[in-house]
Amino acid sequence: MEENSALEVEIRRRIELGGPMPVAEYMTLCLLDPTHGYYTTHDPFGARGDFITAPEVNQMFGELIGIWASAVWKQMGAPENVRLIELGPGRGTMMKDALRSAQIVPEFRAAIVLHLVEISPALRAQQEKTLEGAGIPVTWHRSLVMCRKGPRSSSQTNFSMLCRSTRR
């Protein structure tokens, strides 16, 4: 008989103490547990990982997102500050490609206030490395709720990129 993993032991303990566990809590433990979670303990992407996402295959995906974002920014009236938010940015590849293509519209690039929502310390470290030379300050958040904190001026506009939503 196989020995139970530490995470399985913890899940069983919680069920014994509190009764049935909601699926959301179970999935949160499996994916995000600081010591044993799938996304918090390793990089699941690429040839050495479990799957590959479109930005990792070809830079064109991220570049098109950057061009599209700059076009929408213009349609919005070219606000002085625009929050560019990516949920679950993986290794940061798509954002790096998007920011590179955004260089063709310098005013848009200068208006970007970049926020990345990432719960994995391992992936955040990779994102920091990937975006190191991008020239745009990045603010990381552990949840989307944190992105909404703080006063919002009328000159700031939320601009959400809800990309790769199937990843999580």
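The values are calculated or read from the model by the stated rules, or taken from the named source; none is laboratory data. Remember, predicted model here, so these are calculated numbers, not experimental data. With ideal geometry, Cβ positions are generated from the backbone for all residues, glycine too; neighbour counts draw on all protein chains shown. Ligands, DNA and RNA are stripped out before the accessible areas are found, and what is left, the full protein with its side chains, is counted by its heavy atoms. Shrake-Rupley method; radii C 1.70, N 1.55, O 1.52, S 1.80 Å.
Counting other C-beta atoms within 10 Å, and keeping those with at most 15, which DSSP coil GluC sites (Glu not before Pro) do you find in segment 59-128?
80
HN-Hα J couplings of segment 12-17 from phi, Karplus 6.51/-1.76/1.60, θ = phi - 60°, integer Hz, Gly and Pro as x?
So the J values, rounded to whole Hz, are 4, 4, 5, 5, 5, 7.
Given H placed on each backbone N at 1.01 Å, which residues far from residue 113 in sequence or on other chains put an amide H within less than 5 Å of it?
Sorted by chain and number, the residues that satisfy this are 82, 83, 84.
When the convex hull of the C-alpha atoms of segment 4-67 is computed, what volume per residue in Å³ does it have?
Values: hull volume 7.3 nm³, N = 64.
Spelled out: Cα convex hull of segment 4-67, divided by residues, is 114 Å³.
Residue-wise, which Karplus ³J(HN,Hα) couplings in Hz belong to segment 55-61, taking 6.51 cos²θ - 1.76 cosθ + 1.60, θ = phi - 60°, and x for glycine or proline?
So the Karplus estimates, Gly and Pro as x, are x, 7, 7, 8, 6, 4, 4 Hz.
Over segment 1-116, calculate the relative contact order: mean separation of alpha carbon pairs under 8 Å at least 6 apart, over the residue count, as a percent.
20
If N is the number of residues in segment 3-115, what value comes out of its Cα radius of gyration divided by 2.2 N^0.38 Å?
Compared with the compact-globule rule of thumb, segment 3-115 sits at 1.50.
As a test of reading the structure, rank 17, 31 by solvent-accessible area (1.4 Å probe, protein chains only), most first.
Largest to smallest exposure gives the sequence 17, 31.
For segment 80-144, calculate the relative contact order in percent as a whole number, restricting contacts to Cα pairs under 8 Å that are 6 or more residues apart.
Working: 89 pairs, mean separation 27.9, N = 65.
Normalised by residue count, the contact order of segment 80-144 is 43 percent.
Carbon and sulfur together cover what percent of the accessible area of segment 24-89 at a 1.4 Å probe radius? List each step's numbers first, then the result.
Values: 2170 of 3660 Å².
Percent of accessible area from carbon and sulfur atoms in segment 24-89: 59.
Can you pull out the trypsin sites (Lys or Arg not before Pro) in segment 1-96 whose DSSP state is coil and whose Cβ has at most 12 other Cβ atoms within 10 Å?
Passing sites in segment 1-96 are 48.
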